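Let me begin by presenting the structure, written as structure tokens, before commenting on it.
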Amino acid sequence: MTAALAVFAADLVSRFRRQRPLRGGSLIVTIFGDSILPRGGAITLGSLIRLADPFGLNERLVRTAATRLAHDGWVVAQRDGRLSEYRLSPGGRERFVEATRRIYGPGSGPWSGKWTLIVLPPREAAARRQLRKELSWHGFGELQSGVFAHPAVDAAGLAARAWQTPLPKNALIFEADLTSQSASALIERGWDLKDLALRYQRFVQRFERAATLLQREPDTASAFLVRTLLIHEYRRFHLRDPLLPEQLLPADWPGTRAAQLCRDIYRRVFEPSEVYLSAVAENLKGKLPPPGSDIRERFGGL
């Protein structure tokens, strides 16, 4: 069974490597957010190269990706003699924490029935595109130009979220009650749930075999490969999920099955993958510290 999982992991890696363009930077982001953030948020460049090598990312690609992350403000670089270390910046850490909440969190809770609406003032085209991207990241759907809505993000909690581009001070933010007919119309206008459902279904088809193969504890290297590509695939579309309340979702919503599958596989590969991380990765002070206790809260508890 362990050998079969190694083959499955190799198939996942092969599929990842066939992507064109090969999105090395995106995978580095996954490794930082899933594995490095809970263990101090810092890693030497050499360790990052070793972790990325089994995925087909050579040294040049890793160096380029790390440099780009530093340029974009996600990480800061530090040198000690011939060694280089990349550490999450305060802004990068805040952004990763927000993504962590959405990826590993419990999803939407009980719904009050209210909607939060945001009406943006007129802006230049570039600023409008950036705000649209930012609001989409936080799950808001655009109903019409400059008007955004979400049923589960309360107005009072907006300020507590991590914003790269803060909302304008003169933006209108208010809550509203809608009839069920109006809610259905808003969902159709604000989000493409059909495309998202297809992505969830493909994820389930790709990874459900892993749940069968993980009846026994896997080898540490395969566990790390499966864990990383599991989260890499899941986060790419799950972070686009507005996480609407259950009452507003279609019947048999495939996102529910995808979340359960991701949670089950992650729980089974977590411990051996952490052993692999401890053996392979270091920061400038030596071995990575053990993960914080909050990592055990991922997916409702590991």
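Looking at the range 130-173, which of the residues that are under 25 Å from ALA185 (Cβ atoms) and among the charged types (D, E, K, R) is modelled with the lowest pLDDT? My answer is ASP154. Somewhere in the range 100-121, is a residue among the β-branched types (Val, Ile, Thr), surrounded by 15 or more Cβ atoms within 10 Å (Cβ to Cβ) and either closer than 26 Å to HIS232 by Cβ or without any contact (Cβ under 8 Å) to a residue 40 or more places away in the chain (or both)? Yes: one or more hits. Looking at this structure, is GLY81 surrounded by fewer than 17 Cβ atoms within 10 Å (Cβ to Cβ) and more than 24 Å from GLU233 (Cα to Cα)? In short, yes.
A Cβ distance below 7 Å, combined with a sequence gap of six or more or placement on separate chains, defines the contacts here; from the range 251-278, residues that are under 20 Å from ARG209 (Cβ atoms) and in contact (Cβ under 8 Å) with a residue 40 or more places away in the chain reach residues that are hydroxyl-bearing (Ser, Thr, Tyr) and assigned to a helix (DSSP H, G or I) in the pairs PRO254/TYR200; GLY255/TYR200; ALA258/TYR200; CYS262/TYR234; PRO272/THR220; SER273/THR220. Exactly one residue among LEU214, LEU229 is of a type outside the set (Ser, Thr, Tyr), over 19 Å from VAL29 (Cα atoms) and in contact with a Leu (Cβ under 8 Å, 6 or more places away or on another chain), and that residue is LEU214.
Under the condition of being aromatic (Phe, Trp, Tyr) and under 29 Å from LEU230 (Cβ atoms), which residue from the range 163-218 is surrounded by the fewest Cβ atoms within 10 Å (Cβ to Cβ)?
So in the range 163-218, the residues aromatic (Phe, Trp, Tyr) come out as 163, 174, 191, 200, 203, 207.
With the extra rule that they be under 29 Å from LEU230 (Cβ atoms), the set shrinks to 163, 191, 200, 203, 207.
Numbers: TRP163: 17, TRP191: 22, TYR200: 21, PHE203: 23, PHE207: 21.
Ranking the qualifying residues of the range 163-218, first place goes to TRP163.
The values are calculated or read from the model by the stated rules, or taken from the named source; none is laboratory data. Just so it is clear, the structure is predicted and the values come from calculations on it, not from any experiment. Counting neighbours? That spans all protein chains shown, and the Cβs are built from the backbone with ideal geometry, glycine included.
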